[in-house]
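The values are calculated or read from the model by the stated rules, or taken from the named source; none is laboratory data. All of these numbers come straight from a predicted model, not from anything done at the bench. Reconstructed Cβ throughout: ideal geometry from the backbone, glycine too, with neighbour counts over all protein chains shown.
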Amino acid sequence: MELVDDMAHPALAPSIGRDFDPFLFASIGQDRHGQALSVISALARLDLDPWQEAVALSRMPLAAAIQRLSRLIAALPGEPGPARPIEAVAGDLIALLPASRGLVPPLPEKVAAAVAWPHARLGISLGALALLLAIGLLASMHSPPGPGGTARSESQAQHVPSATAVPVPPN
């Protein structure tokens, strides 16, 4: 299941704005509990990013967008169908998308890259942790263990008399 943090919110992409809100928050019908089911909720239940799907639908020709949304509505798991024909509901909903059909600019490269790998923060964090562990391991291997199995610094080793030194009596 996709987390809300992983979704491309309008704040992340200037090409996705409040123009899509009438579509995303429109009602498809009622869910199995009698509550209004919005487009955004339905798309999320299908594990789709609602904002990306809205942009994709707005870029499609009208007939293709209606057909795609109809298939998505019909695919909702365990939900009763709308009271009206699905194609009619989908057509009304598609009409709520911004009027610039096919003219929505593509996502900037940085946003597209962030959306393409939504777990980038996790990967960076794990990489940093691995690097710190490697540095710690190298640092512990750098100084040899002293007497008793503990690592000693060079200055500590100079002040401890050697156990192998034997005093020589004067003649």
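Here is the figure for segment 15-38: residues that are under 21 Å from the mean Cα position of the chain (by Cα) and among the aliphatic types (A, V, I, L, M) total 2. Looking at this structure, is SER58 closer than 13 Å to ILE28 by Cα, polar (S, T, N, Q) and surrounded by 13 or more Cβ atoms within 10 Å (Cβ to Cβ)? Criteria not met by SER58. Return yes when ASP19 is at pLDDT 65 or above, acidic (Asp, Glu) and crowded, with 17+ Cβ neighbours inside 10 Å and no when it is not. The answer is yes for ASP19. Within segment 23-81, the residues that satisfy the criterion of being among the small types (Gly, Ala, Ser) and free of Cβ contacts under 8 Å to residues at least 24 places away in the same chain are SER27, GLY34, ALA36, SER38, SER41, ALA56, ALA63, ALA64, SER70, ALA74. The number of residues in segment 45-78 that are in contact with a strand residue (DSSP E or B) (Cβ under 7 Å, 6 or more places away or on another chain) and not aliphatic (A, V, I, L, M) comes to 0.
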